[in-house]
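First up is the structure itself, then whatever we jot down about it.
Bear in mind that the values in this text are calculations on the coordinates, not laboratory data. What you see is a predicted model, and the numbers here were worked out from it, not measured in a lab. Ideal geometry is used to build each Cβ from the backbone, glycine not excepted, and the neighbour counts take in all protein chains shown.
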Amino acid sequence: MECESVPDPATTPAAHGTTLAYFYGCGGLCVVFALMMLYSKCRKFRWFALATLSDDQESSAWKSDLLYTMFFVLSAGGYLLAAVSTQVYPAANWGIQTSKVFIILAWTCPLAACCGAVQAMCTRRCLKGSVWLLGLASVCTALVEVAIPGDRHFQGFMWCLTALTLVCAFAWAVVPFFDTTKDPCPGAVGNNPCGGYRSFFYILAMTSHMMVAIWEPDCGYAAHPVCYDSCGMAPGFHFVLALIFIVPFYVSVIPFQCYPFPVAFPKIPSCLVRTQPEEDR
């Protein structure tokens, strides 16, 4: 079945203008927020902060700030590369595949921050280990999915991002149950569901990725041979709907970084650490 009303993505660059708009929109937002993060670190202040962090709190927040800055920088590079590649080359190409790797590495940064918050505040070793293992499994699966050739376009990739953000949402849902701090900075206060709010915005990001994954076979590039019969909306319009959910997540990051949670990483087992024998005196 030929679809004359819509250009063939396999032979025409930027066949779906909505997909191109999604990449440019996400890339542009990430550039702005990356510059805001870098500017705040250079000027040593926090956007939208109602209270000033103490020196000890600032010294413990650098890991979280670094991870979210890297998230915006890598996301900006990945989405802008995807936009340029979509505009210049048809459908699947080396630029799209490379951009997927950048975006996966970008989402690894907030994943590390979420799991690091659990590591720093949770008292149950099995729960901390489970969160890290789930995060590692989701990242490895995403990288393997990109490396495997196929014609899934963005479906498998978006399912992997859905898994990544689901782990993040779970981690932030766990944190409030172990937050016993009395100081309002950093993080939650007693039963204040600050971690719950963060979990909610990660659920929005997960919903955005899941929407693209679900509708990609019917509304994405792969549906062109059947002229998008099962789409129910304009080709590629699912990317526009995804923007509605992902933009609030991007906007929420910087206000939440006013009062960052501590981040810790698992200790390396002593059996893996090479120690120098003490010299005889």
- If you rank Asp229, Asp8 by fewest surrounding Cβ atoms within 10 Å, what's the result? Asp229, Asp8
- Ranking of Arg125, Arg46 by count of other Cβ atoms within 10 Å, fewest first: Arg125, Arg46
- Item | Model label zone, Val32; criterion: amide N under 19 Å from point 7 Å along Cα-to-beta-carbon; scope region 233-260 | 240-258
- By how many nm would the segment from Phe177 to Ala14 grow when fully extended, if each residue of separation counts as 0.36 nm and the alpha-carbon distance is taken off? 54.0 nm
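Determine the shape class of region 56-160: with a ≥ b ≥ c the square roots of the Cα gyration tensor eigenvalues, call it rounded for a/c under 1.5, and otherwise prolate if a/b is greater than b/c, oblate otherwise. Mind dumping the intermediate values first?
Values: a/c = 4.73, a/b = 1.72, b/c = 2.75.
Oblate shape, in that a/c is at least 1.5 and b/c is the bigger or equal ratio.
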- Message: If a paramagnetic tag sat 7 Å from the Cα of Ser5 along the Cα-Cβ line, which residues of region 205-227 would have the backbone N under 13 Å from that point?
- Response: 227
- Extension gain from Asn93 to Arg124, taking 0.36 nm per residue of separation minus the Cα-Cα distance: 6.7 nm
- Straight-line reach check, Lys267, cutoff 25 Å on alpha carbons, 8 or more apart in-chain or any other chain, hits among lysines -> Lys63, Lys128
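If r is the Cβ-Cβ distance from Leu66 to Leu133 and R0 is 22 Å, what FRET efficiency results, to the nearest 0.05? It would help to have the intermediate numbers written out before the result.
Details: r = 23 Å, r/R0 = 1.06.
Plugging the Cβ-Cβ distance into 1/(1 + (r/R0)^6) gives 0.40.
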- Message: Just want the ordering: Leu74, Leu161, Leu241, from fewest to most Cβ atoms lying within 10 Å of their own Cβ.
- Response: Leu241, Leu74, Leu161
